[in-house]
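The structure appears below as structure tokens.
The values are calculated or read from the model by the stated rules, or taken from the named source; none is laboratory data. Note that this is a predicted model, so its numbers are computed, not measured. Please note: Cβ atoms are built from the backbone with ideal geometry, for glycine as well, and neighbour counts cover all protein chains shown.
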């Protein structure tokens, strides 16, 4: 099956590669008596292509033209009509030359402008001069400090580079020019620089953070940097978007499936990161938010690679190592990566368990938990760029545990019945989870033909996991169980786009076939289970976006069909085999004028329960608590209205949501007759409820200090009264954040980040006061910042406790948990001949992958 999918994809790809090609995004422009040089630069910015010319060739000409939704090649030809100039395409670049110069195409003059600490200097003026200082060409450096111009082959030139606040440099032009500017003390005394690049700015779907050239570029890895974005919170490495949940993350339009990839991408390699709080119809109905990362564009041939080492020490030590190699030649790109991590943890928990039936049972437990695991992942594949319009590739990703992981816990329980102590016991529990070698294959094709774009992805996933559990809790018989699961996924996704009228129409479809088998056997404390689930899902979607002056609007619709077959002990259970057909609409409208902008968005969501929540196996948790799933869970549906406001560096976000069948964890007595006092953790759907979220943030720049202040309020109250949970309160929850970055002399960087969450009673949940304080110091060395050293300190004050306190059905469970989160660490990253992967596969069946 896997082989057939790949061969079918490659065969289909070979057929479409013969389509006519156009470079870059379609562009529109109204030009009236504009210098030809300015018109060409405007096309370059709008299309994303490189348009190179010699200033002396185009200087005499001005243009008047109306360009509407034209391909770049056509637009350039229109600008050159009636002029003794012609365009020649070379790879990703357009060269504007005199007709008699075609046989001797200009050569490219490239380079990079940095400050004294090797940080990129965007928007620097770069002039190309003859040896007697006659002007030939000129440009402005990009976000990463790079620049590109054309010159005549075989001639000598000078480069004159200037930037406000720095001394001007004049040097001979050569291959791979590296220009380093030093601060101009006299200029700094006489000139006050008032214009700065904003750290945060509004975007169509949320907010966009400019990473390159800002304090965010110094935050170590991409995963660490994302925790500093507006609306984004991080708890022990798990990211969440305020009011939405866990986001999908994309790097250059490719879906991130392995979160470890965020630890292998340096923040200094990122151009921008956008937080989308209202995803469009191209995303699955259960995607609550999206983070899109765009990396700096780098070019390179031959070998490149990187090595990343990390070590951090709490009570126990953790470490990770990653090595990546890449070889490029022409349009072919071969890559291989390997990652190994060792995680050791120590934690302490104080818990209270209470059940209320004909008797009131209460257990107070104090325990210690440790875990140890070693994991590996690898990645190998190729990417083929036939030209700038067509590319395809295949990637294989195996991964799993090295050896057997071990989780242990031990402690003491004191149990009372109706206020009288009836038992005091010690307990020991051991769990040994072990993955098989999990396999993932992705194949993709991305192409452009005229005004059309096409993106096709196919995926295969094969995951296996086995876990054994053993416990001694003072009872007559020891507890043991074995869980064994197998999952497979087949998925394909096709998305197309075309310019239509004044806007862009995008549409596509996605299909998945999922199979999961769970086998659970135990020693007699509950019951064995044998479940099999097969699900077929199909979706089609379409969206249209258009702009009119200061206004922009888009609307979309997604249809999803989902059919599930559920087998218990080999027998299909009809009532647990539902068929769903849903329409998921989205819409938004935005307005912007200079420093002020606002955006109103409406979206609907549908969240399917994970397969782990659908099992009916009852697993041992502690002597007085078990856990199980709920095969009868229904998907939740939410309707969300949000408003974004921005003025300069001030931002506000307001969201109101209404949810039906909210998926939540609850507690209840297991069996009062046979297992008195034992609490059962399970899942259920809640009655309809609403929530409101307000976030205010500010990101001014004050000298070397770049602060971010934020305050958010959440007003939500999960209502479990339909389940028999009588406790229900409505109190707002507030979060305060203070993120401080200092860009210091000699390339040093310091960040101090603090957070505080207030206590609140929300529905049947009780939130306690929580807070953390983290710090980072870093410095980069060598050419192009090839070597980076960082020192980190997490939860400096050891206040990052996690509380889980809920009222359930005739029950209560309160936990105060600490998991060795106070840690110090060191990170070392080295890269050589750094180039970005050209792999453009975005993956298919992402929602199903998350559920598996």
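Points to keep in mind about this one:
- Any hit, region 477-487, residues being at pLDDT 90 or above, farther than 30 Å from residue 625 by Cβ, in the same structural domain as residue 457 (by TED's automatic domain parsing) and crowded, with 17+ Cβ neighbours inside 10 Å: no
- Entirely in region 319-425, the strands (runs of 3 or more DSSP E) that have 3 or more residues that are under 30 Å from residue 89 (Cβ atoms) and in the same structural domain as residue 473 (by TED's automatic domain parsing): none
Rundown of residues vs (1) assigned by TED's automatic domain parsing to the domain that holds residue 670; (2) surrounded by 17 or more Cβ atoms within 10 Å (Cβ to Cβ); (3) at pLDDT below 90, yes/no style:
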position: 713; (1), (2), (3): no, no, no
position: 737; (1), (2), (3): no, yes, no
position: 740; (1), (2), (3): no, no, no
position: 759; (1), (2), (3): no, no, no
position: 769; (1), (2), (3): no, no, no
position: 775; (1), (2), (3): no, no, no
position: 782; (1), (2), (3): no, no, yes
position: 810; (1), (2), (3): no, yes, no
position: 814; (1), (2), (3): no, yes, no
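- Filter result for residue 630 (touching a residue at least 12 places away in the same chain (Cβ under 8 Å) and assigned to a loop (DSSP other than H, G, I, E, B)): yes
- Taken together, the criteria exclude residue 185 from residues that are at pLDDT 80 or above, farther than 23 Å from residue 212 by Cα and out of contact with any helix residue (DSSP H, G or I) (no Cβ under 7 Å at 6 or more places or on another chain).
- The residues listed here are 413, 420, 329; of these, the one that is surrounded by fewer than 16 Cβ atoms within 10 Å (Cβ to Cβ) and at pLDDT below 90 is 329.
- Among the residues here, residue 727 qualifies as closer than 30 Å to residue 659 by Cα and in a loop (DSSP other than H, G, I, E, B).
- Tallying residues that are out of contact with any helix residue (DSSP H, G or I) (no Cβ under 9 Å at 6 or more places or on another chain) and either assigned to a strand (DSSP E or B) or buried (at least 20 other Cβ atoms within 10 Å of the Cβ) (or both) within region 426-447 yields 13.
- Residue match in region 514-525 (condition: touching a residue at least 40 places away in the same chain (Cβ under 8 Å) and farther than 30 Å from residue 478 by Cβ): yes
- Reported count of residues in region 188-222, each being surrounded by fewer than 15 Cβ atoms within 10 Å (Cβ to Cβ) and modelled with pLDDT of 70 or more, is 0.
- Region 117-133: number of residues that are over 15 Å from residue 177 (Cα atoms) and touching a helix residue (DSSP H, G or I) at 6+ places or on another chain (Cβ under 9 Å): 2
- Where helices (runs of 4 or more DSSP H) fall wholly inside region 1-95, the ranges with 1 or more residues that are at pLDDT below 80 and touching a helix residue (DSSP H, G or I) at 6+ places or on another chain (Cβ under 6 Å) are 36-47, 55-58.
- Residues of region 448-472 that are part of a strand (DSSP E or B) and over 24 Å from the mean Cα position of the chain (by Cα): 448, 449, 452, 464, 465, 466, 467, 468, 469, 470, 471, 472.
- Residue among 124, 172 that alone is at pLDDT 80 or above and over 25 Å from residue 40 (Cβ atoms): 172
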